[in-house]
Structures are given as C-alpha cells and as structure tokens.
1. Going residue by residue through the stretch 22-36, is there one that turns out to be among the hydrophobic types (A, V, I, L, M, F, W, C), modelled with pLDDT under 95, surrounded by 14 or more Cβ atoms within 10 Å (Cβ to Cβ) and over 20 Å from Glu75 (Cβ atoms)?
2. List the helices (runs of 4 or more DSSP H) inside the stretch 15-115, counting only whole elements, that have at least 3 residues being within 18 Å of the chain's Cα centre (by Cα).
3. Determine the pairs where a residue that is within 16 Å of Ser68 (Cβ to Cβ) and surrounded by 15 or more Cβ atoms within 10 Å (Cβ to Cβ), located within the stretch 101-113, has a partner that is modelled with pLDDT of 90 or more and of a type in the set (Lys, Arg) with Cβ atoms under 9 Å apart, the partner being 6 or more residues away or on another chain.
4. Taking the conditions exactly as written (surrounded by 11 or more Cβ atoms within 10 Å (Cβ to Cβ), modelled with pLDDT of 95 or more, over 19 Å from Ile7 (Cα atoms) and not aromatic (Phe, Trp, Tyr)), does Ala40 satisfy them or not?
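The values are calculated or read from the model by the stated rules, or taken from the named source; none is laboratory data. Since this is a predicted model, take the numbers as computed values, not measurements. Glycine also receives a Cβ, built like all others from the backbone with ideal geometry; neighbour counts cover every protein chain displayed.
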Amino acid sequence: MQLPVIIQTAGLLVLSNVFMTFAWYGHLKNLAGKPWLAAALISWGIALFEYLLQVPANRIGHTAYNLSQLKILQEVITLSVFVPFAMLYMGQPFKLDYVWAGLCLLGAVYFIFRT
C-alpha cells in the first residue's frame, strides 16, 4: 500500500526539519565553548542528513503540489518542529508569539492551498 503524497512529503520534511533545527541551533547549546569553525563544520555534517531527506520530500511533493504549496508546508513544519525544540531542548519558555505565528501560518496555508 502506497502512502498518500502528502504523508510521504510531510513525514520526510518533519524528519528533515529535526536535522535542520539541530544543525542551525543545536551548536548554541552543545558547542558554545568551541570555535565557530568547529560548530560550522559539525552543523554542516548534520545538515547533510537534512538534505538527504528534504530533497526526496520536495521531489515527491512536487508530483502533487506546486512550489508555493511546498514552501508553505515547509514553513508550517519548521515552526512545528522548532517550538518543541526551543522549549524542550533549549529550555526556552513558551510564548504566546508561537501561537500567533502559528495562526498566521494557518492563514498562509489556507490561501496557498485553496482552489
């Protein structure tokens, strides 16, 4: 049984975003005392796994969705991954701004996916 395109695309993008978020921000916690070049090289290595998931996700998604729809889907997933990362891993407090940003993205989803 083949999973629907949206499930394949979103699933791969969620996994990709986990790697992306750690590559972009994880070094702020784990490598704060290391030279920036070391953090950049380690982040680049993590980002490789992001791309190994993101590229097939977008190729699969493009069979059913246009570029704008893929971009908005990516942004919604990015926020959905970032907020728990910021709170649980980086110890940042919950902010209502996350809710407002999420609502704005839901508006973007509506306008980009409406027919």
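1. yes
2. By residue number, 36-61, 67-84, 96-113.
3. What qualifies is Ile112/Lys71.
4. Judged against the criteria, Ala40 is a match.
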